[in-house]
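The values are calculated or read from the model by the stated rules, or taken from the named source; none is laboratory data. Here the structure is a predicted model, which means the values were calculated and not measured. Cβ placement follows ideal geometry from the backbone for every residue including glycine, while neighbour counts extend to all protein chains displayed.
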Ligand SMILES: [Zn+2]
């Protein structure tokens, strides 16, 4: 009996990937009583401070245990405290990395969203039926029960259908089957997500993984590493680049936008999403100073689930000024808003177009001529 209880005792797992982390300050809420914190994954953590907050009323506990995965972890300071009752009720979810919060909520058997569902047709695969809410973030739920596309992917697919199919096709499957992608060169960074099942039917299709330890263009297991801040592709290679919740995880996002512009043909499109819901902030904000070789946190670390079981650090919170900032880079951008219940915006797809920059107009103008 006591043995059974021990085996069910939860473990707080912090899963690290993408790079070796250093000098992070992490705050982890344990919804159960004292539980060991297990640092896992293929990457290490050094010189960091982790504060584990136990629920109100929890017994005082010995310091959290730490075991590591394959990565090197050393010189980390792990402390525990017991939350005051009012604090715990006020904001546990905001301090937690979202994927960890979801895991802990699953352990606790509780969640805090309103159940909801509606009937409809998936804009990727054409499945028809009930889309159910199973997650607090609306853009991350209402998944298709066939291809698993969530609301944000279906919004992105609708935008692609408008751009590529001129509204003649209801689904990506129908567009691809009609040969509507045959003449296109498409780059879709990453290896997961429901869009690529159809986008890979393009005349030329590239996907990629990212490993900061490898130069762009390196092959591994049949896939190619590409750093979005500097790919191995030739200039003007693609008609379309599609990114889904990737750019918030890139160390220097404007370097990535410039690189995407470089590999797009003139007039080519970048169709992209980042976490951007109904009330985005006015101004874009860096969460991490990535100007040097090592990351330096400017704001508390926030992680998103990145496929499988991993967590990726968020470098940037995008704001409503992104359109103006990208227009200045030769990427005029518009936002396509996806609404629920009539008017409520729950997801946004951005469409950036490679346009000429003023200096390129000058370079292309005949001698003696000029704009104006
Ligand atoms: Zn579907």
message = If residue 311 meets every condition in (1) under 16 Å from the mean Cα position of the chain (by Cα); (2) at pLDDT 95 or above apart from one, which number is that one?
response = (2)
task = Among what's in the stretch 156-199 and is more than 23 Å from the chain's Cα centre (by Cα) and within 16 Å of the ligand (Cβ to nearest atom), pick the residue that is farthest from residue 339 (Cα to Cα).
result = 177
ask   = Quick one: would you say residue 296 is in contact (Cβ under 8 Å) with a residue 40 or more places away in the chain and outside the structural domain of residue 212 (by TED's automatic domain parsing)?
value = yes
inquiry  = So, residue 323, is that one on the phi < 0 side of the Ramachandran plot and assigned to a helix (DSSP H, G or I) or not?
reply    = yes
key: Single residue of 205, 153 found to be touching a helix residue (DSSP H, G or I) at 6+ places or on another chain (Cβ under 8 Å) and assigned by TED's automatic domain parsing to the domain that holds residue 345   = 205
query = Is there any pair with a first residue in the stretch 143-155 that is within 15 Å of residue 243 (Cα to Cα) and near the ligand (Cβ under 8 Å from one of its atoms) and a second that is in a helix (DSSP H, G or I) and at pLDDT 95 or above whose Cβ atoms are under 8 Å apart and which are 6 or more apart or on different chains, and what are they?
reply = 149/157
remark   = Turns out the strands (runs of 3 or more DSSP E) fully within the stretch 148-263 with at least 3 residues that are buried (at least 22 other Cβ atoms within 10 Å of the Cβ) are 185-189, 238-244
